[in-house]
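Participant: I have a structure here, written as structure tokens, and I will follow up with some questions on it.
The values are calculated or read from the model by the stated rules, or taken from the named source; none is laboratory data. Remember, predicted model here, so these are calculated numbers, not experimental data. With ideal geometry, Cβ positions are generated from the backbone for all residues, glycine too; neighbour counts draw on all protein chains shown.
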Amino acid sequence: MTSPSSTDAELDEEQLASFHDHLKKSTRVLALLGAGLSAASGLPTFRGVEGLWRTHDPFSLATPEAFDADPALVWQFYSSRRQMASSAQPNAAHYALARLATKMPGFQALSQNVDGLSERANHPQKQLQLLHGTLFENPILPALAVPTLGIAPAQHRTSEGAAEHENELDISDINVPLPFITIDDLPRCPKCKQRLLRPGVVWFGESLPGPVLDEVETFIDADKIDLILVIGTSARVTPAADYIKQARERGARVCVVNLNTDDRPVGRRNKDWFFQGDAAAIVPALLMPITEACP
Ligand SMILES: [Zn+2]
């Protein structure tokens with residue numbers, strides 16, 4: 001990938017300058033991160049997995065009920081998502097956010113992503129709250145590998161037409177049968193060797209991890225907040241939507257980065273910034289005054 005520049009993203013210079021002025025004065029910053037952050041790494045959004053993952057509706061696989069009914073199928077689904085995430089690379093936005101964290105102790109990132117890409121960009125753990133857990137919590141046994149499902153690199157998928165590169169995988173091929181596995185192939189509790197382990201992600205209808213919510217609440221309640229970055233998420237579900245509101249109440253201005261104008265969080269104000277485009281191009285340009293500054 002070429003290094004991102006403001007021309008790639010066609011950033012509005014006036015907006016950018018105004019954002020930079022505010023960022024340079026900021027000491028306490030929140031970021032809400034969503035699937036759009038990892039889109040430039042070639043990872044489909046959860047919705048985008050639809051049609052990629054066999055004939056199954058991913059929404060029907062991401063529930064406690066689905067796991068109770070068919071744990072092997074649900075594990076195969078998460079195993080294939082984990083394989084996709086493992087073969088993707090963090091992009092320039094993940095690295096810029098990780099760098100902001102090391103430069104600014106008062107920066108907290110709240111991620112809705114489970115793909116491990118912020119972690120692999122060396123985002124400091126204490127400044128990264130995983131609201132929805134992670135695909136990488138539990139070991140995956142070799143039998144769970146779903147070898148025919150891969151990921152087409154982002155630049156291939158954005159180009160028009162058919163495969164240009166011989167190593168591009170056909171991720172839409174649903175005709176290759178899933179390997180047959182039994183319940184004995186699934187990971188179990190290392191202590192009692194009985195209880196089935198489950199993927200370490202938050203499913204539909206479940207509450208978010210309590211310790212993570214506590215950390216976030218402590219951060220928000222501690223002091224005023226200067227800025228909240230909303231990157232690659234429409235932030236329309238709780239608690240994400242509430243965090244924007246709470247940050248505003250603490251004085252924060254809001255900066256949204258999203259590919260689509262439709263995906264802007266609701267309740268926009270005049271002093272908000274909105275940058276439309278690919279997070280991997282925009283976020284590094286936004287954070288440059290801090291990330292590129294000498295210590
Ligand atoms: Zn046990």
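Participant: Could you give every pair whose Cβ atoms fall below 7 Å, whose first residue belongs to the stretch 177-198 and is more than 20 Å from Glu65 (Cβ to Cβ) and among the basic types (Lys, Arg), and whose second residue is within 16 Å of the ligand (Cβ to nearest atom) and modelled with pLDDT of 85 or more, counting only separations of at least 6 or pairs across chains?
Facilitator: So the pair list comes out as Arg188/Gln194; Arg188/Arg195; Arg188/Leu196; Arg188/Leu197.
Participant: Here is a further query. If Gly232 satisfies every condition in (1) of a type in the set (Gly, Ala, Ser); (2) surrounded by 11 or more Cβ atoms within 10 Å (Cβ to Cβ); (3) without any contact (Cβ under 8 Å) to a residue 24 or more places away in the chain but one, which is the exception?
Facilitator: That leaves (3) as the condition not met.
Participant: Next question, about the same structure. Can you confirm whether Arg268 is free of Cβ contacts under 8 Å to residues at least 24 places away in the same chain, surrounded by fewer than 17 Cβ atoms within 10 Å (Cβ to Cβ), out of contact with any Phe, Trp or Tyr (no Cβ under 9 Å at 6 or more places or on another chain) and within 19 Å of Ser18 (Cβ to Cβ)? Working first, answer last.
Facilitator: Numbers: free of Cβ contacts under 8 Å to residues at least 24 places away in the same chain: yes; surrounded by fewer than 17 Cβ atoms within 10 Å (Cβ to Cβ): yes; out of contact with any Phe, Trp or Tyr (no Cβ under 9 Å at 6 or more places or on another chain): no; within 19 Å of Ser18 (Cβ to Cβ): yes.
Spelling it out, it is not the case that Arg268 is free of Cβ contacts under 8 Å to residues at least 24 places away in the same chain, surrounded by fewer than 17 Cβ atoms within 10 Å (Cβ to Cβ), out of contact with any Phe, Trp or Tyr (no Cβ under 9 Å at 6 or more places or on another chain) and within 19 Å of Ser18 (Cβ to Cβ).
Participant: Name the single residue, out of those in the stretch 187-223 being within 16 Å of the ligand (Cβ to nearest atom) and within 26 Å of Pro58 (Cα to Cα), that is farthest from the chain's Cα centre (by Cα).
Facilitator: Filtering the stretch 187-223 for residues within 16 Å of the ligand (Cβ to nearest atom) gives 187-198, 200.
Those still in the list that are within 26 Å of Pro58 (Cα to Cα) too: 187-189, 195-198, 200.
Values: Pro187: 25, Arg188: 27, Cys189: 28, Arg195: 29, Leu196: 27, Leu197: 23, Arg198: 20, Gly200: 15 Å.
Top of the filtered list is Arg195.
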